[in-house]
Amino acid sequence: MARSSRREVLQALAGVSGLALLPACGLHRAGAPDVKSTSTPPVALPPPSTARPHYFVRITLDGGFDSVMTVDAKDPATAGEVDTGYRAAERLQGTRRLFGPLIGGLLRHDDALCLVHGVRYDTVAHETGEAILRAGHQRHGASTPPFGDVLGGLLPGSAPIPHLHIQTGFPRPPRPLDALPLPGNPEGRAIPLAGGLSIDPATVELLTGEPRRGLFDTPSWFEEMQTLRHEEARQWLGGRPEELAAHEQTLQQGQHLQRLLSTADRHTALRGSPLGPGLQLAFHAVRGNHARFVTVRSPRVWLDTHTDNVALQSARTRPIFDNIAGFLDLLQRERNAFGTLLEQTTIVIASELGRFPKLNMVRGKDHWPENSWILLGRGIRAGATVGQTDARFRGVSIDYRSGSTTEGQRRPLEIDALFATLLHLAGGDPLRHDYGRDMLLHGILA
């Protein structure tokens, strides 16, 4: 029998069924009995940066959270066509504003929050809203780069991963967008949801395990496998320098992802919702300076409450906001040479669509083409409220410069205005990214 070379053995190891290797990382779940594990191999760190880092964390509440029951509280007696789902006395008083009863622990952060109401999506389809959030553009196509990738490439600091996407929920096969002709995607071409490096729900779920460090053990052959991958890349892509550079960058980011997963603590204090472990992992990514832009996404359509809206939103939304509040507490307590992590991080909380103002026949709320956004952290005007909704739950036109709803050049609060403002905050030029002139919402900027 011919003897296999070490190269052939390593290549075979990479394809062993059930080893659960992470792409470009060569990792397996901690505790796997068939592969000897060692301590984490050294990964080349980027040179230290003297620039103050700027992190972004985008939290996507998939399915459409009910803003009336959280951040856009109404008086039931004067709510017009809006079914609030609560009595006036059940509203909660923050330090600045009234909130709905499902705001949870986020109430204690009222002073830091910037609330934006009546954000116009112009869609009631999950797939279209997801694609808009992914692309950062109302009008987009298959070639539009993910918004997280764009901002991650602009943000200052030395974190090696531009965009880390953390999908929470229940393990399932990856689901691309339906290839349907949708508004903003007239060609009907499938568009990936995430962008960046992705961490799947099965990995995120490991954070609820026993207290120990390291979600993954590192196989003893990890370094040699990485060397093999580099050699093969140079062999096959040597004549195409741009493709080789992109491939090498992907491998390097995979090594840094391995470092993050090998050092993150399995134990998490953020429990009670499927989003909690993902937020804990996002905290590790920021604290360890692993990623500049982090997307944490709840399970798909988790808040899509077409039946029994009050009961389902109560069971799912309040625990999520409790976990977000705990995440903010972690960022506030942790410090580095530049101050608290919260001072260096911009947090964006949004859904891909809103909830209809009236209950349907089964006491649920259907889809609505507008919703509220929650912003806070670096560069955001703390305690501000921008925009409002009327008695029909329609967003009121505002002046983008002054925020006035009665004076100036008032227009609908388009979702692209938020994307353009966040791009500006990250150091980008909205005009160069096709947002048009005068798209900045000055009222949300500190």
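The values are calculated or read from the model by the stated rules, or taken from the named source; none is laboratory data. Small disclaimer: the values here were computed from a predicted structure and weren't measured. Glycine also receives a Cβ, built like all others from the backbone with ideal geometry; neighbour counts cover every protein chain displayed.
All of Ser372, Ser314, Ser273 fail the test of being in contact with a helix residue (DSSP H, G or I) (Cβ under 9 Å, 6 or more places away or on another chain), hydroxyl-bearing (Ser, Thr, Tyr) and part of a helix (DSSP H, G or I), apart from Ser314. Out of the residues in the range 284-311 that are out of contact with any Gly (no Cβ under 6 Å at 6 or more places or on another chain) and assigned to a strand (DSSP E or B), which is nearest to Leu260 (Cα to Cα)? Only one residue fits best here, namely Ala291.
The set of residues in the range 247-272 being touching a Leu at 6+ places or on another chain (Cβ under 9 Å) and small (Gly, Ala, Ser) consists of Gly254, Ser262, Ala264, Ala269.
Summed over the range 128-154, residues that are charged (D, E, K, R) and surrounded by fewer than 19 Cβ atoms within 10 Å (Cβ to Cβ) total 2. Thr405 meets each of the listed conditions (1) in contact (Cβ under 8 Å) with a residue 24 or more places away in the chain; (2) over 20 Å from Ile59 (Cα atoms); (3) touching a strand residue (DSSP E or B) at 6+ places or on another chain (Cβ under 6 Å) apart from (1). Candidates in the range 363-379 are the residues that are surrounded by fewer than 21 Cβ atoms within 10 Å (Cβ to Cβ) and farther than 23 Å from Pro299 by Cα; of these, the one that is farthest from the chain's Cα centre (by Cα) is Gly379. Among the criteria (1) in the same structural domain as Arg134 (by TED's automatic domain parsing); (2) in contact with a Pro (Cβ under 9 Å, 6 or more places away or on another chain), the one Gln253 does not fulfil is (1).
Any residue that is among the β-branched types (Val, Ile, Thr), surrounded by fewer than 16 Cβ atoms within 10 Å (Cβ to Cβ) and out of contact with any Gly (no Cβ under 9 Å at 6 or more places or on another chain) - is there at least one of those in the range 397-414? Yes, that holds for at least one residue.
The set of residues from the range 78-116 being polar (S, T, N, Q) and within 28 Å of Arg271 (Cβ to Cβ) comprises Gln93, Thr95. Tell me which residues, restricted to the range 416-434, are free of Cβ contacts under 8 Å to residues at least 24 places away in the same chain and either in a helix (DSSP H, G or I) or not acidic (Asp, Glu) (or both). Ala420, His424, Pro430, Leu431, Arg432, listed by residue number. Using the structure shown, decide if Asn360 is outside any strand (DSSP E or B) and buried (at least 24 other Cβ atoms within 10 Å of the Cβ). The answer is no for Asn360.
Scanning the range 388-415 for residues that are in a loop (DSSP other than H, G, I, E, B), over 17 Å from Met69 (Cα atoms), in contact with a Ser or Thr (Cβ under 8 Å, 6 or more places away or on another chain) and modelled with pLDDT of 95 or more gives Val396, Ser397, Pro412, Leu413.
Among the residues of the range 159-175, is there at least one that is surrounded by 19 or more Cβ atoms within 10 Å (Cβ to Cβ) and part of a helix (DSSP H, G or I)? So far as the range 159-175 goes, no, none of its residues is surrounded by 19 or more Cβ atoms within 10 Å (Cβ to Cβ) and part of a helix (DSSP H, G or I). Picking from residues in the range 279-327 that are of a type outside the set (Asp, Glu) and at positive phi, the one that is surrounded by the most Cβ atoms within 10 Å (Cβ to Cβ) is Asn289. Restrict the check to the range 384-400 and report whether at least one residue is touching a Phe, Trp or Tyr at 6+ places or on another chain (Cβ under 8 Å), farther than 24 Å from Asp149 by Cβ and among the polar types (S, T, N, Q). No: zero hits. Listed residues Gly288, Gly339; which is farther than 20 Å from Ile374 by Cα, in the same structural domain as His109 (by TED's automatic domain parsing), at pLDDT below 95 and not aliphatic (A, V, I, L, M)? Checking each option against the conditions leaves just Gly288.
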